[in-house]
Amino acid sequence: MSIVRMKRVKLLAMAEDREKLMRLLGRIGAVELSETAAEEETSQPVSTEADGLSEKLSAILSAESLARKYSKLKKGMFSPRVQITEKQLFSSELLESALSEAERINENAAELTSLQERRSKLMALSETFTPWKELELPLDTPQGKAFETFLCTVPAAVELPEIAAKAVAVDGCAEIYEVSADRELHYLFCVCHRASGEAVRDSLKELSAAIVRFGGIQKTAKEKIQEISDEISGIEKEIKKAEEGLAVTPEVYDLLLSAQDALSTSLSCERESEKGIATSRAFYIEGWFPEREEKMLAEVFETGKVAYEFSDPEEGDEPPTLTYNSRLIAPFEVVTNMYSAPAYRGIDPNPTMAPFFALFFGIMLSDAGYGLLLMLAGIFALAKLKPRGGFRQFMQLAIICGISTVIWGALFGGFFRDAIPSVYKLFTGKTLPFDLALWFNPTEDPMTMLIFSLVLGGVQIVAGMAVKAYMMIRDGEVWAAIFDIGFWWVAFAGAITCIFNSTVGLYILGAGALGLILTQGRAKKNIIMKFFSGLLSLYDVTGYFSDILSYSRLLALSLSTAVVATVINTMGMLTGPIGFFIVFLIGHVFNIAINLVGSFVHSARLQYVEYFGKFYESGGRPFAPLAIKTKNIDIIKEEN
Amino acid sequence: MEIYGTILALLGAALATFLPGMGSSKGVGIVGEAASGVVAEDPSKFGQTLLLQALPATQGIYGLLIGFLVLLKVGFVGGDAQIELTYVNGFYILLSCLPIAFVGYYSAIRQGRVAAAGIGVVAKRPEEVSKAMIYAAMVETYAVLALLVSFLMLNGIK
């Protein structure tokens, strides 16, 4: 239930055992390696195979994404992960077969790309022949002794008779035939005297004609198009074959996934080992580990070929922070870590923060129906997705907060707000004969709710101060705790007593204030300065006041959930039974989404600003041990 | 006189709905524009940016909430009027709508700007999105307080 004590470990191994050692550390997952400064000229940075590994990894990654695209794998979010032993995972057979599969797939992919390129080139070529399809002559048009023929295009804007007239004006015997036309061009076949060929062409060029030459093609356009389309269908067969080559069996796909994990963990081991230093024969690295793992680590290192040394952190060291909490509290570590991990020598805020967070979240969402959905969503995600790490903690948090929301929903009488009375009224026409709220309904009695919110705020503020007092006493500053916290508490107690008995209350309040005036200036040297800074410290009351008022958001956010839900139900009621169902569904989904975000953010804010502000020492670096983290597969224990 | 009471109350409901609504539209819009730029680079950040974009939407909802309560009070939805709609009561209702109307409008835009700046956090350090969300939530505090006062004022009109 606290911040775990860390110890430093120094490891020295033979250079050839480096990889083995790193793998071992990864398997244990309890040591965070730190950058080791090279002290002597004899040591050098560790040379690793990281670059080679990352090359292999990228080959596997591209093969995997291709294989996923082209094979029909029935793998969704919910399909179970591959189970494999560590020995199998890191075996060279697995890696080699995966690499050869990847190579095959990547080669096929390269082949596929070149085939696709060829196909599109041919298609473009075929396009150029299409307008001449109706011409029953070879594309390299026949030429005679006295006549010549040529092909040309003229913009569609020019009328056909105009073109013919232009040609005839130069050569009386010239003939122009339109082969085809589209929206832009006339495609023309022209015949004229050999002697006047050049002149005809020149005069046509005045109409922006372009002469088309298919030098050497002795086939008609139709034949040529047919030839190309035959070629294309041949290529398409090859493309299909290449695509089939990209498809893999589920076994091969799993192999690729496994190799991907094996390579990425090896890669991270290699990258981490770059933090160490080396000589030509030896490898040295330092790190941090939780004290409670000392015995286990010693046993492991004892059996391996490695020299080790454990030591306590020294002054000036900054060990990483690891908080250790019960299973109920641990999910709330996500909330704290979003703010910042606690400082190593600070205090773990999670155990005292967790109940408040869950409580406030429940009050703000305050609807048993919403809470139930949240809880079920969390349970479903945990059971089906089997998430790990932060997401897992988030889902656990969802379940706990969902339970809290259900409880508060029951106390405040909200199940999709007034859905039950509304449905009852819709079908029977009568109002529900009893009240659902176990305690009271905040929309009907907002003043009670406001006071309740502020009281809860006061409780959390006092709790925050109590933690601060604990920290002071722990550090031996008992008097400071009494002066800085105790006198404020006396003043608070006086203010509360005033509600019941103003005279007694004022005396207590005065005593507290006097104590503060006398002690808060104790750091100052001058007696007048002591008095004034003591007096000035009373100004802090505005801070406490605004902190407590900030908790009025508990009322405001619970109202916002409740009233918008009521609006949804009322609108649904106006549209009859079927309309009710539709409005209910869409409306409440919207309301849940908005208020989930709101409740989370605002309960977090109350912790960060109002609660943590009282005592929390942040700025720790979360403990990040080297561990074999697999994304796609589960490592199972080796069978002996 | 009753007609003036109704007119004033409805004016209040209208103000409480349209001013924060306008503010939220603007705030959500600013964040959306910034978010599109980030998502164009990395579509996987859609979820995080959407969270930030949703934050300035709440002022519009708070306004709707007060507007709806006014309509409930004057009997435009869900049965009879809960109060006598005199000129004075109508004016009371109008006054009670003002806090959320104005603070809602202004804070939604400001919150939108903070959230839009938070989109930059998502672009560079996506794991720190919650910090950007907390910054935006700090702005919302004042809309929450205004909502509270509007609600208490409205609730106090008998």
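The values are calculated or read from the model by the stated rules, or taken from the named source; none is laboratory data. Keep in mind that this is a model prediction, so the values were computed, not measured. Cβ placement follows ideal geometry from the backbone for every residue including glycine, while neighbour counts extend to all protein chains displayed. The area values use the complete protein model at the heavy-atom level, side chains included, leaving out ligands, DNA and RNA. Shrake-Rupley method; radii C 1.70, N 1.55, O 1.52, S 1.80 Å.
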>> Could you give each residue of region A:167-175 its phi-based ³J(HN,Hα) in whole Hz, using Karplus coefficients 6.51, -1.76, 1.60 with θ = phi - 60°, and x for Gly or Pro?
In response: 5, 5, 4, 8, 10, x, 9, 4, 10
> For the pair residue B:50 and residue A:228, what calculated FRET efficiency results from E = 1/(1 + (r/R0)^6), where r is the Cβ-Cβ distance and R0 = 45 Å, to the nearest 0.05?
Replying inline: 0.35
>> Roughly how far apart, in whole Å, are the Cα centres of region A:134-173 and region A:539-591?
In response: 81
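Can you tell me, using C-alpha contacts under 8 Å and at least 6 residues apart, the relative contact order of chain A as a whole percent?
Across chain A, relative contact order equals 22 percent.
What's the extension gain from residue A:210 to residue A:328 if we count 0.36 nm per residue and subtract their Cα-Cα distance?
Details: separation 118, 0.36 × 118 = 42.48 nm, distance 8.28 nm.
So the chain would gain 34.2 nm between residue A:210 and residue A:328.
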>> As an exercise, find the ratio Rg/Rh for the protein assembly as shown from alpha-carbon atoms, using the Kirkwood inverse-distance average for Rh.
In response: 1.14
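What FRET efficiency, computed as 1/(1 + (r/R0)^6) with R0 = 45 Å and r the Cβ-Cβ distance, is obtained for residue B:83 and residue B:36, rounded to the nearest 0.05? Intermediate values should be presented prior to the final figure.
On the way: r = 47 Å, r/R0 = 1.04.
So the FRET efficiency works out to roughly 0.45.
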> Between residue A:542 and residue A:314, what is the spin-label point distance in nm, taking each point 7 Å from the Cα along the Cα→C-beta axis?
Replying inline: 4.8
>> What percent of all Cα-Cα pairs in region A:168-326 falls into each 5 Å bin, going from 0 up to the bin containing the maximum distance?
In response: 1, 5, 7, 8, 8, 7, 5, 4, 4, 4, 4, 4, 4, 4, 4, 5, 6, 5, 4, 3, 2, 1, 0
> Mean residue ellipticity at 222 nm from the helices of chain A, using -39,500 (n - 2.57) per DSSP H segment of n ≥ 4 over the full residue count, to the nearest 500 deg cm²/dmol?
Replying inline: -19000 deg cm²/dmol
> So what does the Cα-only Debye profile of region B:1-74 read at q = 0.17 Å⁻¹, as log10 I(q)/I(0), no solvent term?
Replying inline: -0.67
> So what are the ³J(HN,Hα) numbers for region A:407-417, from phi and the Karplus equation (6.51, -1.76, 1.60; θ = phi - 60°), rounded to whole Hz, Gly and Pro as x?
Replying inline: 4, 5, x, 5, 5, 8, x, x, 10, 6, 6
> So what J values fall out for region B:129-136 if you push phi through Karplus, 6.51 cos²θ - 1.76 cosθ + 1.60 with θ = phi - 60°, rounded to Hz, Gly and Pro as x?
Replying inline: 4, 5, 5, 4, 5, 5, 4, 5
> Quick one: Cα centre-to-centre distance for region A:473-520 and region B:46-74, in angstrom?
Replying inline: 42
> Stretch residue A:430-residue A:474 to full length: gain in nm at 0.36 nm per residue minus the Cα-Cα span?
Replying inline: 9.6 nm
> Largest first, what is the accessible-area ranking of A:403, B:119 with a 1.4 Å probe?
Replying inline: A:403, B:119
>> Given R₀ = 22 Å, what would the calculated FRET efficiency be for residue A:195 paired with residue A:218, taking r from the Cβ atoms and rounding to 0.05?
In response: 0.30
> To two decimal places, what compactness ratio does region A:451-551 give when its Cα radius of gyration is scaled by 2.2 N^0.38 Å?
Replying inline: 1.12
> Where the centre of each part is set by its Cα atoms, how far does region A:217-246 sit from region A:1-69, in angstrom?
Replying inline: 52
>> Taking 0.36 nm per residue of sequence separation and subtracting the Cα-Cα distance, how much length would be gained by fully extending the chain between residue A:54 and residue A:511, in nm to one decimal?
In response: 157.5 nm
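In whole percent, how big is the carbon plus sulfur part of the accessible area of the protein assembly as shown, probe 1.4 Å, protein atoms only?
On the way: 24990 of 40560 Å².
It is 62 percent, rounded to a whole number.
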> Amide H of residue A:5: which non-local residues (sequence gap of 5 or more, or other chain) have their own amide H closer than 5 Å, using H built in the peptide plane?
Replying inline: A:291
> Accessible surface of residue A:602 in the full protein assembly, 1.4 angstrom probe, to the nearest 10 Å²?
Replying inline: 0
> Expressed as an acute angle from 0 to 90° and rounded to the nearest 10, what is the orientation of the C-alpha long axis of helix A:250-273 relative to the principal long axis of chain A?
Replying inline: 60
>> Compute the angle between helix A:419-428 and the longest alpha-carbon principal axis of chain A, please, reported from 0 to 90 degrees and rounded to the nearest 10.
In response: 70
> At what distance in nm do the modelled label points of residue A:343 and residue A:251 sit from each other, each positioned 7 Å from its Cα along Cα→Cβ?
Replying inline: 5.9
> Using modelled backbone amide H atoms (1.01 Å from N, in-plane), which distant-in-sequence or interchain residues come within less than 5 Å of residue A:46's amide H?
Replying inline: A:278
> If amide H atoms are built 1.01 Å from N in the plane of the peptide, which residues on other chains or at least 5 residues away come under 5 Å of the amide H of residue A:149?
Replying inline: A:144
> What is the distance, in nm, between label points placed 7 Å from the Cα along the Cα-to-Cβ direction at residue A:20 and at residue A:618?
Replying inline: 4.6
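What's the Cα-based Rg to Rh of region A:141-213, Rh via Kirkwood? Don't jump to the answer; show the numbers that get you there.
Numbers: Rg = 11.2 Å, Rh = 11.9 Å.
In region A:141-213, Rg relative to Rh is 0.94.
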> How far is helix A:18-28 tilted off the main Cα axis of chain A, in degrees rounded to 10, range 0 to 90?
Replying inline: 60
> Going by accessible area, probe 1.4 Å, with all protein chains left in place, what is the ranking of A:435, A:317, A:367, A:182, largest first?
Replying inline: A:435, A:182, A:317, A:367
> When DSSP assigns beta bridges and you keep just the ones with both residues in chain A, what percent turn out antiparallel, to the nearest 5?
Replying inline: 90
> Which three lengths, in whole Å and largest first, does region A:310-403 cover when its Cα atoms are put on their principal axes?
Replying inline: 53, 29, 19
>> Less than 12 Å Cβ to Cβ from residue B:39, Lys/Arg counted +1 and Asp/Glu -1: what total charge do the surrounding residues give?
In response: -2
